[in-house]
Amino acid sequence: MRIKKTVKEDNTKKLEKILNRLSKAKIKIGIFGSSGSEILMIASVNEFGCNINVTPKMRAWLHYNGLHLKKSTTSIKIPERSYIRRTVEEKQNKMDKLIKEGLNELFSFQIEVDTLLNRIGQYLSDITKETLTEVSSPPNHPFTIEKKGGKANPLIDTGRLRESITFKIE
């Protein structure tokens, strides 16, 4: 005996709704705060690097703490230690795989759009924290390592920067 059953479901409306939500959604990864906040400054300086002009007050503080600058030193260079852009460059294949698998689940109606967006956001946040933890170059100045109690990772002192990495969905 042979049984043949054909089920035809029109999922056009469901797919339209999904596509509409996806087209408007943005997942932002990083460190969020008010403009001028200390954690945003720390994040930016480490991601992009910067030159800091040496002021008389800074020179005196450094001297008092055991770092004696030459009179000719007018700035201190903080080198770039990218952890956000590096994550994208080094882990693009992992990200693509997660997104592809998630879209397959989404378009087969196994998960909701917000579930996918949150999954992607959490994953990207986690791998960015992982990258930050792996950064070892360029190393900190010996003075900085001493001030950090011997910690060699140039981006980790208290862990505040790493723990500030999060995501939001708009």
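Computed from the coordinates by the stated procedures, all read-outs in this text should not be read as laboratory data. None of these values were measured; they are calculated from a predicted model. Positions of Cβ are backbone-derived with ideal geometry, glycine not excepted, and every protein chain shown enters the neighbour counts.
One chain, two ends: SER108 and GLU170. Fully extended at 0.36 nm per residue, the span grows by 20.0 nm beyond their Cα-Cα distance.
Computed on segment 1-102, with alpha-carbon pairs under 8 angstrom and 6+ residues apart, the relative contact order is 25 percent. Entry note, the chain: relative contact order of 32 percent, from Cα contacts under 8 Å with a spacing of 6+ residues. The GluC sites (Glu not before Pro) of segment 1-94 that meet both conditions, a loop assignment by DSSP and at most 16 other Cβ atoms within 10 Å of the site Cβ, are GLU9, GLU80.
Taking each residue as 0.36 nm, the span from PHE48 to LYS100 lengthens on full extension beyond its C-alpha to C-alpha distance by 15.7 nm. The distance between label points at LYS14 and ILE156 comes to 4.4 nm (points 7 Å beyond Cα on the Cα→Cβ vector).
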